[in-house]
Each structure stands twice: as C-alpha cells, then as structure tokens.
Amino acid sequence: MINNTPSDTELISMFRDPHQRERAFRLILAGYQEKLYWHIRRLVCIHEDADDVLQNTMIKIWNGLPGFRESSGLYTWMYRIASNEAITFLKSRQRERALLADDPEDLIKNRFKSDPYYDGDELFAKLQVLIARLPPKQQMVFRMKYFDDMTYEDMSVVLKTSVGAMKASFHHAVRKIQAAFVRSD
Amino acid sequence: MMSEDRFSWEKEGFNKNPYRVPEDYFDTLADRILRRITRQPDRIPFQNKRIIKPWMVWVSGVAALLVVGWFGFRNFYLKPQQENLFQEQVALFVDFYAGELHEDQLANYIEENQIELTGDQPGVDYNNLISLEPVITEEAVYESLDH
C-alpha cells in the first residue's frame, strides 16, 4: 500500500516554499492539532483557554517554522512550544487570581461551571482547587505528570529543570494534595 | 507507571479527563488560525532575516585582527619607543643644560609648567625621577630662562 502522507521533513520543505506554505500548514494541523489540543487542555482545563493557547501555539509555529533547525523532531518542537504557551498562560492566570480579592476556590469552580465542555464532578473540581494552591512549579509538574502522563525526561526539557528536581517536585505536590484531601474529609 | 491506588482522591468513578470539545471544533480550527495569521503584520521569514553574511564574518575577523594588532603595536612597540625617546630627551637636557641652570630657575620652571616629579627623592637621579608632560623642548627651557 502506498502511503501518500508526507513525512515531517517533506512538510517542513513544503512549508518553506511560499506557494505550498498554507497547504503544508493545514497538513501539519491535521496531523497534530488534536494531540496538541489535549495536551494543552489537560494543563489549562477550560476549553476556551485551551483554544486560545492552541491558536497562539500554532501562530508561533507558523512564524518559527522557516527557522526550525530540525535538531529535534517536528512534533517534539511543537509540543515544547505548546507546553511553554500553557505554562505562560497558567502563570498569568495565577497572577490574576492573586490580584483579585475573591476567593480563588470560588473563581476556579465558577470557571468550570461556565465551561459547557466540562463534565467533571465535585471531586475533580476540588482536586483542581488544591492544585491551584501549589507553588507554580509544583503545579506545572503535577499537571504534566498526572494529567498528561509526560515523562520526567520530557518535563525536564520543557521546564529546564533536572529530572531529580522534577521527581521531588511531583512527590511534594502529591503529598500536599493528599494531606489536604485527608484534612477536608 | 503510576499505580491506580496511589492517590487518595481516585475513588471509584473518578475521571481525570472530564473534557469535551465543541462539535466541528477540529474541522474549523485551521481556518480560524489561518485567518488570524493573515491579520498579522507582514513578517520577514526568519531565513531571510539572516543579516550576517559569510563575507561579513571574514571582514569582521580581519577588522578584529587589525584592532588587536594596532593595540599590540601601540602598547608594546610604539609606546615604549616614545617613552624611551622622551627619556632620552630628558637625559640629554639634563646632561647638557641642567648643570648650567640655577636650582631656583629649574624649580620655577617645573612649578610653572606643572611638571610632575615621580619618586620622592628629587635630585638623586633626574633621568629616573623626572616624568615630564608636556615634553620639554630646548626652546621651552630657553624661553623660561629668558623671563
């Protein structure tokens, strides 16, 4: 059977040709948009936010692809951009929450309630509130490992921290969340 | 691999991915992103933005060598030579004329022209102790002595 799907290298070459750029980009999106979306959604939770982050990610990919040196695979490179965009978004959200006088717990629960594409229960919302109380780095590590099953090695590349520090961060996060759950039961 | 019973919140029926997407979301995504991209201000593609051309590397390398060479030449050849020349002038002046000068005249000249004397034992050896700025010329000395 003949495989007509262009390889990543062919897609990159096509993208560098201005006449084929849009077609190449559509093919890249068709191949990777769902994977990237779910990666982002598990980190930022709300569909509207995930959509914003994914669009920003894809625009950065469009702008950066002509200079992409192919030292890593195309998907790894895009995944890293998506992760960084999601991290930037989460940090800005956390800063906003810190500035608002309202109870962060209510803010998070209200955000979930306003998302029509969310079917989580009380328990899931409670978990999200406890995660939001963690320091930013621990929060990021926990989300990436627990919800997105990222390996410590991938996380270490994205977060520019050692694998050992990632493991320690994840275990601290789990310990804090478990303790908070026990206290609240 | 994470064990399933590791986390106390993972009770029966716990769903860690309770998310959905709007219908047709992925079908329309490319169009929406491309619309946003076309609204961006014109960007020069990264590969064309390469300002540094190979010839520039060569030119900058040669320029760097010239600068380093000039400083080396100045500091290690020209400057010592000028200092030697200056010291020779002072030595000549001292040998030929200082003996004929009155101490007061020499002291006045040094004071008026704000000549710095390095070392704290003037009179021991003028060749070693005097550092003159500006350079003493014979004319300047005669001019000073005429006053």
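The values are calculated or read from the model by the stated rules, or taken from the named source; none is laboratory data. Note that this is a predicted model, so its numbers are computed, not measured. Quick reminder, even Gly has a Cβ in these numbers, built from the backbone with ideal geometry, and neighbours come from all protein chains shown.
Miscellaneous remarks
- All of A:Ile46, A:Ile59, A:Ile81 fail the test of being within 23 Å of B:Leu34 (Cα to Cα), surrounded by fewer than 20 Cβ atoms within 10 Å (Cβ to Cβ) and touching a strand residue (DSSP E or B) at 6+ places or on another chain (Cβ under 9 Å), apart from A:Ile46.
- The range A:161-185: number of residues that are crowded, with 16+ Cβ neighbours inside 10 Å and in a helix (DSSP H, G or I): 10
- A:Leu54 at pLDDT 95 or above and aliphatic (A, V, I, L, M): yes
- Sole exception among (1) surrounded by fewer than 17 Cβ atoms within 10 Å (Cβ to Cβ); (2) more than 14 Å from every other protein chain (Cβ to nearest Cβ); (3) closer than 19 Å to A:Arg41 by Cβ for A:Lys113, by number: (2)
- Within the range A:152-185, the set of residues being in contact with a helix residue (DSSP H, G or I) (Cβ under 8 Å, 6 or more places away or on another chain), within 11 Å of another protein chain (Cβ to nearest Cβ) and either more than 22 Å from B:Asn17 (Cα to Cα) or polar (S, T, N, Q) (or both) comprises A:Ser184 only.
- The lone criterion from (1) exposed (fewer than 15 other Cβ atoms within 10 Å of the Cβ); (2) away from every other protein chain (no Cβ under 14 Å); (3) more than 20 Å from A:Asp51 (Cβ to Cβ) left unmet by A:Leu74 is number (1).
- Evaluated against (1) in contact (Cβ under 8 Å) with a residue 24 or more places away in the chain; (2) within 11 Å of chain B (Cβ to nearest Cβ), A:Asp149 falls short on exactly one condition, (1).
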